[in-house]
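Reading through the structure tokens given below for one structure.
The values are calculated or read from the model by the stated rules, or taken from the named source; none is laboratory data. Just so it is clear, the structure is predicted and the values come from calculations on it, not from any experiment. Cβ coordinates were reconstructed from backbone atoms using ideal geometry, including for glycine residues, and neighbour counts include every protein chain displayed.
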There are 2 protein chains.
Amino acid sequence: MKKEFTNNDEASRPIGVFDSGVGGLTVVKELNKLLPNEKIIYFGDTGRVPYGNKSRETIIHYSLQVAYFLMKKKIKMLVIACNTASSVSLPTLKRHFHIPIIGVIEPGAKSAIETTRSNNIGVIGTLGTVKSNAYKKALKKIKRGVNVTQDPCPLFVHLAEDGWNNNKIAQLISDEYLKAFKGKNIDTLILGCTHYPLLKGVIQKSVGDKVELIDSGKETAKEVNRILGKKKLLNSHKMTEKNHSIFYVSDLPHKFKEVSQRFLSKELKHVHKVKL
Amino acid sequence: MKKEFTNNDEASRPIGVFDSGVGGLTVVKELNKLLPNEKIIYFGDTGRVPYGNKSRETIIHYSLQVAYFLMKKKIKMLVIACNTASSVSLPTLKRHFHIPIIGVIEPGAKSAIETTRSNNIGVIGTLGTVKSNAYKKALKKIKRGVNVTQDPCPLFVHLAEDGWNNNKIAQLISDEYLKAFKGKNIDTLILGCTHYPLLKGVIQKSVGDKVELIDSGKETAKEVNRILGKKKLLNSHKMTEKNHSIFYVSDLPHKFKEVSQRFLSKELKHVHKVKL
């Protein structure tokens, strides 16, 4: 059964953004840059993070719970700012709700296709994302003849969350994972997890300067802009003290605040813990 | 409100063992060795793993849900085979249920005190375990004058689960973490997470041969033996094909089966997925 959420002043409503934890903040950062008038309601499922090591069924169940929570906040659009949830739950969420819903996969894939010259694209992500083949399918849908090499990098999420993003060990782990692309002649690498932009430095060193890194967050922000523009849903009013972005988490709001500084380079004021 | 579970043939009932995931299998392995007649009902909360990065409140909530599930299986004793849950939830679980309940902290602490000569003990574990100071308190309760140095090693869980337990990167990460004990003159190190025995090799190299590693799993199995013996609850009947140990998980039973081989060195037959 589809649920309708209508309102006369639709453009002034917030954009819903969700992730299993803090990774989605890389998407929020890009949204803030490109669309400073847009109010965001963010949900980080920190009580059940990470999603990357869970089953399809469980990820869909969690995603639906989060989406229902955000729908009640009368969002005008939903962004699944988590590669694992995007790759697994997007079709189900689209069937359940009428507002525009996008994940981070298609925007990232589109940008990679526009970037590659060699036609050889690499994808790194969680085990869940890689196993789903979501990027491979999205890339092949745009350009059938493209060659895609995928490799899961499960430790990267933990390195990013623990702030080990630029030390010797991070570099060694990165080198070890990215060996998978040796001899594949890739010129474009999709960072298929919203945590990975924090490790850009070490990843770039592992693959060399000639490989272009695709940050899905940036591309997703552009896609949000395009969709809201087309639907005449862009907010023309500036955000105010009263009408600001709000962040919800299912656990540890203080830790979220602390870690979010690394992602947003600013302190979050409004982080609330809720039970789904 | 306390719940009573009585039965005439109490000794033939299973022992309940729970962990956030697969780590508790290191305790199962020791129980199987020491008490081959005992049937085990295991619950691995793989749908919400890990616990180490969650709050006290959330860990207690999850632990109660798991304990209620196991109580319905008419267990005669409950072992919290997870350091994080032991350090946070043990007092609450003891208040809720009448059967004997033990965690892995006290047995590990007891063994460390029996082992140390220098009176300087190190503890490694998840962030949750270290922050709770559970080992420190347990050690000081037995011997007030002992010096305790703690250090969280959050990446170890993921190294163990991904099978990276004995490579160059595991060694480097281990060396980096265990620097915390340089100059502390420790002669005993508690592996305060049930995953860590899989990394014994690299950990031993990092701290040197003179430091004794304490595996809480072994000590916990001895404590189970002691308690069941005292209460005349040891099972004298051999396990049969019909009456065997059963393993429940909240997600990904196949992955659990696969990973469990690394922990138990045998294939598990009976792994079921359940919703709590």
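Can you tell which of A:66, A:123, A:130 is touching a residue at least 12 places away in the same chain (Cβ under 8 Å), assigned by TED's automatic domain parsing to the domain that holds residue A:54 and in contact with a strand residue (DSSP E or B) (Cβ under 8 Å, 6 or more places away or on another chain)? I'd like the intermediate steps shown before the answer.
Working: A:123 fails: assigned by TED's automatic domain parsing to the domain that holds residue A:54; A:130 fails: assigned by TED's automatic domain parsing to the domain that holds residue A:54.
Step by step, each of A:66, A:123, A:130 is checked, and only A:66 is touching a residue at least 12 places away in the same chain (Cβ under 8 Å), assigned by TED's automatic domain parsing to the domain that holds residue A:54 and in contact with a strand residue (DSSP E or B) (Cβ under 8 Å, 6 or more places away or on another chain).
Among the residues of the range B:148-159 satisfying the criterion of being in contact (Cβ under 8 Å) with a residue 40 or more places away in the chain and facing chain A (nearest Cβ under 9 Å), which is surrounded by the fewest Cβ atoms within 10 Å (Cβ to Cβ)?
B:154
Can you work out which of the residues in the range A:238-266 that are in a loop (DSSP other than H, G, I, E, B) and either among the aliphatic types (A, V, I, L, M) or within 14 Å of residue A:26 (Cα to Cα) (or both) is nearest to the other protein chains (Cβ to nearest Cβ)?
The first filter runs over the range A:238-266 and keeps only residues in a loop (DSSP other than H, G, I, E, B), leaving A:238-245, A:250-252, A:265-266.
Now drop any that are not either among the aliphatic types (A, V, I, L, M) or within 14 Å of residue A:26 (Cα to Cα) (or both), which leaves A:239, A:252, A:265-266.
Values: A:239: 30, A:252: 5, A:265: 23, A:266: 23 Å.
The residue in question is A:252.
If a residue must be hydrophobic (A, V, I, L, M, F, W, C), closer than 21 Å to residue B:222 by Cβ and either within 14 Å of chain A (Cβ to nearest Cβ) or part of a helix (DSSP H, G or I) (or both), how many such residues does the range B:19-76 contain? Write out each step before concluding.
The first filter runs over the range B:19-76 and keeps only residues hydrophobic (A, V, I, L, M, F, W, C), leaving B:22, B:25, B:27-28, B:31, B:34-35, B:40-41, B:43, B:49, B:59-60, B:64, B:66-67, B:69-71, B:75.
If we keep only those that are closer than 21 Å to residue B:222 by Cβ too, we end up with B:25, B:27-28, B:31, B:34-35, B:40-41, B:75.
The next check asks that each one be either within 14 Å of chain A (Cβ to nearest Cβ) or part of a helix (DSSP H, G or I) (or both); those that pass are B:25, B:27-28, B:31, B:34.
Looking only at that region, the number is 5.
Residue A:216 passes all but one of (1) within 23 Å of residue B:176 (Cα to Cα); (2) in contact with a helix residue (DSSP H, G or I) (Cβ under 9 Å, 6 or more places away or on another chain); which number fails?
Failed condition: (1).
Among (1) at pLDDT 95 or above; (2) within 17 Å of the chain's Cα centre (by Cα); (3) part of a helix (DSSP H, G or I); (4) farther than 16 Å from residue B:210 by Cβ, there is one condition residue B:141 misses while meeting the rest; what is its number?
(2)
Just name the residue that is nearest to residue B:262 (Cα to Cα) out of those in the range B:160-176 that are modelled with pLDDT under 90, facing chain A (nearest Cβ under 9 Å) and in a helix (DSSP H, G or I).
Going through the range B:160-176, the residues modelled with pLDDT under 90 turn out to be B:160-169.
Filter once more, keeping what is facing chain A (nearest Cβ under 9 Å): B:161-162, B:164, B:167-169.
If we keep only those that are in a helix (DSSP H, G or I) as well, we get B:161, B:168-169.
Details: B:161: 9, B:168: 19, B:169: 19 Å.
Step by step, filter the range B:160-176, then rank; the result is B:161.
If a residue must be touching a strand residue (DSSP E or B) at 6+ places or on another chain (Cβ under 9 Å) and surrounded by fewer than 21 Cβ atoms within 10 Å (Cβ to Cβ), how many such residues does the range B:133-147 contain? Outline the logic, then answer.
Of the range B:133-147, the ones touching a strand residue (DSSP E or B) at 6+ places or on another chain (Cβ under 9 Å) are B:133-136, B:139-140, B:146-147.
The next check asks that each one be surrounded by fewer than 21 Cβ atoms within 10 Å (Cβ to Cβ); those that pass are B:133, B:136, B:140, B:146-147.
Number satisfying all stated conditions: 5.
Does residue B:31 fit the bill of being over 16 Å from the mean Cα position of the chain (by Cα) and closer than 24 Å to residue B:191 by Cα?
Working: over 16 Å from the mean Cα position of the chain (by Cα): no; closer than 24 Å to residue B:191 by Cα: yes.
The answer is no for residue B:31.
Examine the range A:236-251 for a residue that is within 22 Å of the chain's Cα centre (by Cα), crowded, with 21+ Cβ neighbours inside 10 Å, closer than 19 Å to residue A:104 by Cβ and at pLDDT 95 or above, and state whether such a residue exists. First the steps, then the outcome.
First, the residues of the range A:236-251 that are within 22 Å of the chain's Cα centre (by Cα): A:244-251.
Restricting the remaining residues to those that are crowded, with 21+ Cβ neighbours inside 10 Å gives A:247-251.
Cutting the leftovers down to closer than 19 Å to residue A:104 by Cβ gives us A:247.
From what is left, the residues that are at pLDDT 95 or above are A:247.
Within the range A:236-251, one or more residues are within 22 Å of the chain's Cα centre (by Cα), crowded, with 21+ Cβ neighbours inside 10 Å, closer than 19 Å to residue A:104 by Cβ and at pLDDT 95 or above.
Looking at this structure, is residue B:23 under 15 Å from residue B:125 (Cβ atoms), among the small types (Gly, Ala, Ser), crowded, with 24+ Cβ neighbours inside 10 Å and modelled with pLDDT under 95? I'd like the intermediate steps shown before the answer.
Numbers: under 15 Å from residue B:125 (Cβ atoms): yes; among the small types (Gly, Ala, Ser): yes; crowded, with 24+ Cβ neighbours inside 10 Å: yes; modelled with pLDDT under 95: yes.
Yes, satisfied.
Find all pairs meeting these conditions: Cβ atoms under 8 angstrom apart; at least six residues apart or on different chains; first residue within the range B:109-120 and within 21 Å of residue B:86 (Cα to Cα); second residue surrounded by fewer than 18 Cβ atoms within 10 Å (Cβ to Cβ) and of a type outside the set (Phe, Trp, Tyr).
Within 8 Å, the pairs are B:109/B:141; B:109/B:142; B:110/B:142; B:113/B:142; B:113/B:143.
Just checking, how many residues over the range A:208-235 are surrounded by 13 or more Cβ atoms within 10 Å (Cβ to Cβ) and assigned to a helix (DSSP H, G or I)? Let's see the steps before the verdict.
Filtering the range A:208-235 down to residues surrounded by 13 or more Cβ atoms within 10 Å (Cβ to Cβ) leaves A:211-225, A:227-228, A:231, A:233-235.
With assigned to a helix (DSSP H, G or I) added as a condition, the list becomes A:216-225, A:227-228.
Here the count works out to 12.
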